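Report on the structure given below.
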Amino acid sequence: KRKKGAKMAEAAEETPPPPIDSGSGGSSGATTHGRDANVTTPTQSTTATIENAAELSFGPEFHDIHILSNAQVAVILQHSARSAMNRDEELHDVYRKTQKYVNRFNGMTNPEKDPEELVNELDNLQDALQTYRKETEDGEEMELHSSEVAALMNLVVTDTMVEEAVALIPSLSRFPEAAIDEILDLIRSTMIRIVS
């Protein structure tokens, strides 16, 4: 049985170290030579998938993926940044900008909390949201899509009301108001534990 927080810890360990900022200002990566060197051709597809988050319609590349919230990404980046500092490596500018972004929009943080405790709270909240089920009057079982789970963890604050949540995440409208309020209560209680 995996220890609580193991999912995010494994993700942090599997995250490659951040790129080193060489200060050269040049681009990195492979280069091509010849007349097509500056031509980029998009991948062509014979069938177009119309993506619509409000209808939970996503392309095939979004099947079987694990979506992280800003708070989870922030924890992974902090761990990776500490590792880079221990190796006396500088963080690449893109890395620093990503870290700044997720920290700016991360409502679930508390610098006084132990990072492992924060990881456990975030993992528990994500698990609770992913396993949340609500039965409809027709006997159909409804559950949250992984994109809704991440959006809820990113967008909801302690005073978010049902109407606001549906406005931010339109696909939630398929749930009865009472169910959405239960979901918001899960998030509120976790946020209160994290920030207190």
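The values are calculated or read from the model by the stated rules, or taken from the named source; none is laboratory data. Remember, predicted model here, so these are calculated numbers, not experimental data. Side chains included, ligands, DNA and RNA excluded: accessible areas come from the protein's heavy atoms. Shrake-Rupley method; radii C 1.70, N 1.55, O 1.52, S 1.80 Å.
The listed residues Ile187, Ile50, once ranked by accessible area (1.4 Å probe) with the largest placed first, stand as Ile50, Ile187. Residue by residue, region 99-115 carries 3J(HN,Hα) couplings of 4, 4, 4, 5, 5, 5, 9, 9, x, 10, 9, 7, x, 7, 7, 5, x Hz when phi is fed to the Karplus relation 6.51 cos²θ - 1.76 cosθ + 1.60 (θ = phi - 60°); x denotes Gly or Pro. For Met142, the residues 5 or more places off, or on other chains, whose built amide H falls under 5 Å of its own are Lys134, Glu135, Thr136.
Only protein atoms count toward the accessible area here, which uses a 1.4 Å probe; on region 89-183, the carbon and sulfur part of that area reaches 49 percent. Scalar couplings 3J(HN,Hα) for region 82-90, obtained by applying the Karplus form with A = 6.51, B = -1.76, C = 1.60 to θ = phi - 60°, are 4, 4, 5, 4, 5, 9, 6, 9, 8 Hz; x denotes Gly and Pro. Translational diffusion coefficient of region 80-150 (Stokes-Einstein, Kirkwood radius from Cα pairs, 10 °C, 1.306 mPa s): 103 µm²/s. Altogether, the Stokes-Einstein calculation at 10 °C and 1.306 mPa s, with the Kirkwood radius of region 112-196 over Cα pairs as Rh, returns a diffusion coefficient of 119 µm²/s.
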